[in-house]
Amino acid sequence: MKKLFLTICFSLILWQTGDSAAKTMSFQDMEAAQAYKQSQPALPLQPIKDNSPDPRDTKAMEKYIIDRLKNATFSTLDNMNKPSSMNMQHSDEYIAQMKEKNKSFLEKVYDNAINRISSGQAQPRSDARNSGTKYIELKKDDMQQFQAPEFPVVNVELPTGDKTLVPAQEHIPYLSSQIEILPSGLASINDTVVVVAGGKKLKNGLARIIPKISTSREGVANKINVNVVSVSVNEQEIPHKLIEQSDSYMIVPENDYTLEPGVYTYNFQYLVDRQLWEYSDFNEFYWDVTGSRWNLIIGKALVSIRLPGTSKPLSSLIFLGYPSQLTSENTMLSEGQNTIGFAALTPLYIGEGMHVIIALPKNDFISPDNSKKLTWFVEDYGDILIAAICLLAILISYYLSWKYITRNSAKHSNNFKRGAVLMRYLYKGVFDKTSFGAFLLELYRKNIIDIQRSDKDILLVKRTDNLSSLTRKERQAVDNLFTKKEAVLPVNSANQLKIRRAYKLIESATGRRVKQLALKLNFGYLLFSAGMLFIGEAAMAMLHINSSQAFSVLLSCSITIGFYLWILRTKFKSRWLAWPGKAFALLIIPFSILVMSAYIHLVSAVLLAAAIYVIFAYTAIFTKRSGLIKENVKDAVQLRDYLIRNAETICLGRDFLNQQANIFALDAGEYFQPADSIKDYYKLDIMTELFRK
C-alpha cells in the first residue's frame, strides 16, 4: 500500500506518548490469531432456561444477577491457566466491539489515519491545485519522498520531555504556540517548533513567516506590527531580524549559517500588535498559528491562549486547511481558567494552516487613545500622505517659479559662450545650412581654415593642425572635412559625404549645447523637485521595517520610470527604433509602479509616477523658446538689431571679421556689402553662393 505512509507515522505523535503502552497488533500476530481461532471447534449454542427473568424487567434482572453472584466460585490466575479451567469463546462481532472499546486514543488515531489512506484520501484535505491558495503549490516531489512503505526513522525528544519515533525526512513533528493577549490588545507569542532537518529545504535554517495584513469582518485591512524579542535554536540564542515582503514578514537570521542534518528545537518569541479587531459588542482575536507558508508537513500542532480577563470567551473557533477550503473537523478545543487551547488531530500538509478565532468581552480591554490611533493612521496611510505632499510641493514650486520668471524675466538672461551657430538656433529655433556656414566662418575667424574661390569650385583650405580652441565635436567635424594627407577640400558633389558627416556632428553638438543651457537655467528647480522626490521616498521607506531595502526599490523604480518617460518623450528618427522602444516603455512603467506597490500603497506609487511626469513636463516647458531661454532668444534678436544699426561702423575695421559669422547666422548679410576696408576677409558672398547650390 503505497499511499503517503508518512501520514500514519505523523498521526502517532499527535498526543503525549503516555498512551504509548497501548500497542497495535502486527500483521503477523493478527494472522496467527485468526488461524488459531479457526482451528478451535465451534461451541454449541446453549438454550435459555425457562426460569431466566425478562430482560425488560429491571428489578427481576437485578435480583437474578445478585443471586448468581452469591453462588459464584472465584478462581485464581493460576487456576485459570490450568487445562481444566473453563475457556469461553465469544463471537467475532463481540470480540471486535470489545477490542474497539479497549483501544487507547493513540490506537484510534492510528486507525483513523489507516482509514484515511485506505479510502483514497491520502492527499491533503483538498487538492492544492484546486484550493485557490496563492501561497504554496504542492509539488509532486514533496510527497513522492514519503510514498515508500519502508523509510528510516529518528528518535525525537519533544519539548514536553516525551520521546517518539518520527520519519527521518525534513518536516515539523511538533509545533506549539503560546499566546498571551494583553488588555492593550498586544499579543505576546512564543512559538516552539521541532524540526527534522535534512540539508534540503532547511539548509539555511527555519524562517518564521507571519502574514502582514489583518482583515476585519467588514473587509477592512491593516498592516500588523511585529517586534522580535528573541530566537533560540536548541536553547542557544541566535540573532535574528525581521524582514518585510509584499504580503508577509519573515524572521530570519542576521547572519547566514548552514543547518546540518539533525533534529532542532526552535523558539521564536515576538510581539504582535493590531491583530485584535474591535466591534460594537465584542472584540475578536484571529491568528494563523502555522502561518500557512511553510513548505513542510507539520505532524502535531497545538496552541494555548491566555486571555486578558477572567471572563470566558464569547466564542472559540478553530479551522484547518487551505485558505479557500477550511474545516473544523479533526480539531480539539479545551477551556481552562483564563486559558483556552486548540489542537489539530491530524497532520497539516504543505500549505495548510491552523486558524483560531476568539471573540472576547470588550470590558477586558483598554481602548486605544488618540495618540495611538494617530500612529496607526500614519502606519496605514502615511505613504499616501507623503506622496501627495511630495507631488503638491513639486507642482506649487514650479508654478511659483514660472510666475517669478514671468515677472523678473530680465534677471534670467544667462551669460554663456555664444557662438554664431548657437545664436542661429536661438534666433530661428533650427539647425540648417546657414548654421553650418556660420560654423565654417567661425573656423575662418580662428584662422583654422581659409575659404577661397577657384575656377570651378569653392575651396576649403586647412591652415593649421592646432585645434585646441575647438570642442570635441568641432574637432571631429574638421577631421571629417580634412584627412591627414589632404589640406584642401573642394566643395562639390564628390565630397558631399565628408561635408554631410561634419554637418551631422555640428548639428548634434548644437542641440546638446541648447539642452545644457536649458538644464543650467532649470537646475535649481530640477534640483528642488528631485530633492523633494528623494526626501519623500526616504520618508516612505522609514515607515517600513527594512528601510534601506524599501528605499532602494522605490529609488530604482523611480529612475526606471524617469528613463522610460524620457524614451516616450524623445523623437527618434527611425520609426523601427521608435515604436518598439515606446511600446516597451508603456509596459515597463506600469510594471515599475506595481513593483513599488509591493512596498507602498498603489495610490502612493501612482502619485510618485505622477510627480516624475510633472518634473519632465515642467522641464520640457522651461526649455522651450518661451521658457527659461526666452531671454536668450531676445538676446539673439537684439544682437541682430545691433549689427544692422551699426553696419557702417562695423565695416570700417576688423570688428567685421569678429562678427562675420554672426552676421551670416542672423540673416543680416544684406546690410553688409563688400568694401575696401574689409575686402581681405569678406566671405559673405562666397558663403551665400555656396549654400545656394
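The values are calculated or read from the model by the stated rules, or taken from the named source; none is laboratory data. Nothing here was measured: the structure is a model prediction, and the numbers come from that model. Quick reminder, even Gly has a Cβ in these numbers, built from the backbone with ideal geometry, and neighbours come from all protein chains shown. What goes into the accessible areas is simple: the full protein's heavy atoms, side chains included, and nothing from ligands, DNA or RNA. Shrake-Rupley method; radii C 1.70, N 1.55, O 1.52, S 1.80 Å.
Here the gap between Trp576 and Ala620, fully extended at 0.36 nm per residue and compared with their Cα-Cα distance, gives a gain of 13.4 nm.
Using a 1.4 Å probe over the heavy atoms of the protein chains, calculate the carbon and sulfur portion of the accessible area of the range 615-680 as a whole percent.
Details: 1660 of 3370 Å².
C and S atoms contribute 49 percent here.
Computed on protein heavy atoms with a 1.4 Å probe, the accessible areas place Met542, Met423, Met250 in the order Met542, Met250, Met423, largest first. What trypsin sites (Lys or Arg not before Pro) does the range 172-231 have in DSSP loop regions with at most 14 other beta carbons within 10 Å? Hits after loop and neighbour filter: Lys200, Lys203, Arg217.
Taking all protein chains together and rolling a 1.4 Å probe, Ser315 ends up with roughly 50 Å² accessible.
Report the extension gain between Thr339 and Ala538 in nm, rounded to one decimal, defined as 0.36 nm multiplied by the number of residues separating them, less their alpha carbon distance.
Working: separation 199, 0.36 × 199 = 71.64 nm, distance 4.40 nm.
Fully extending the segment from Thr339 to Ala538 adds 67.2 nm.
Sorted largest first by accessible area at a 1.4 angstrom probe radius, with every protein chain in place, the residues Val606, Val478 fall in the order Val606, Val478. Using R0 = 22 Å, the C-beta based FRET efficiency linking Ser556 and Tyr399 works out to 0.15.
In the complete set of protein chains, residue-level accessible area for Arg512 is approximately 120 Å², probe 1.4 angstrom.
Give the residue list of chymotrypsin sites (Phe, Trp or Tyr not before Pro) in the range 240-346 that are DSSP loop and have at most 13 other beta-carbon atoms within 10 angstrom. List each step's numbers first, then the result.
Values: sites: Tyr249, Tyr257, Tyr264, Tyr266, Phe268, Tyr270, Trp277, Tyr279, Phe282, Phe285, Tyr286, Trp287, Trp294, Phe319, Phe342; in loops: Tyr257, Tyr279, Phe282, Trp294.
Counting only loop positions with at most 13 other Cβ atoms within 10 Å, the chymotrypsin sites (Phe, Trp or Tyr not before Pro) in the range 240-346 are Tyr257, Tyr279.
Measuring nothing but protein heavy atoms, the accessible surface of the range 297-368 at 1.4 Å probe radius is 51 percent carbon and sulfur.
For His601, His240, His171, the ranking by accessible surface with the largest value first comes to His601, His240, His171, using a 1.4 Å probe. Extension gain for the segment Ala583 to Ala359, taken as residue separation times 0.36 nm less the Cα-Cα distance, is 75.3 nm to one decimal. The accessible area of Cys557, taken with all protein chains in place and a 1.4 Å probe, comes to roughly 10 Å². The Asp455 and Lys520 beta-carbon pair, evaluated with R₀ = 41 Å, returns a calculated FRET efficiency of approximately 0.30. Other residues whose C-beta falls under 12 angstrom from the C-beta of Val356 contribute a net charge of -2, scoring Lys and Arg +1 and Asp and Glu -1.
Which GluC sites (Glu not before Pro) in the range 609-693 pass both tests, a DSSP loop state and at most 16 other beta-carbon atoms within 10 Å? Let's see the in-between values first.
On the way: sites: Glu631, Glu648, Glu670, Glu689; in loops: none.
When the GluC sites (Glu not before Pro) of the range 609-693 are filtered for loop state and at most 16 Cβ neighbours within 10 Å, nothing remains.
At an R0 of 41 angstrom, the distance between the Cβ atoms of Asp162 and Leu594 translates into a FRET efficiency of 0.25.
Could you let me know the centre-to-centre spacing of the range 270-317 and the range 589-651, using Cα atoms, in angstrom? Centre-to-centre distance over Cα atoms comes out at 57 Å. Hey, rough spin-label estimate for Thr215 and Asn495, points 7 angstrom out along Cα→Cβ, what's it come to in nanometres? For Thr215 paired with Asn495, the spin-label model returns 7.7 nm.
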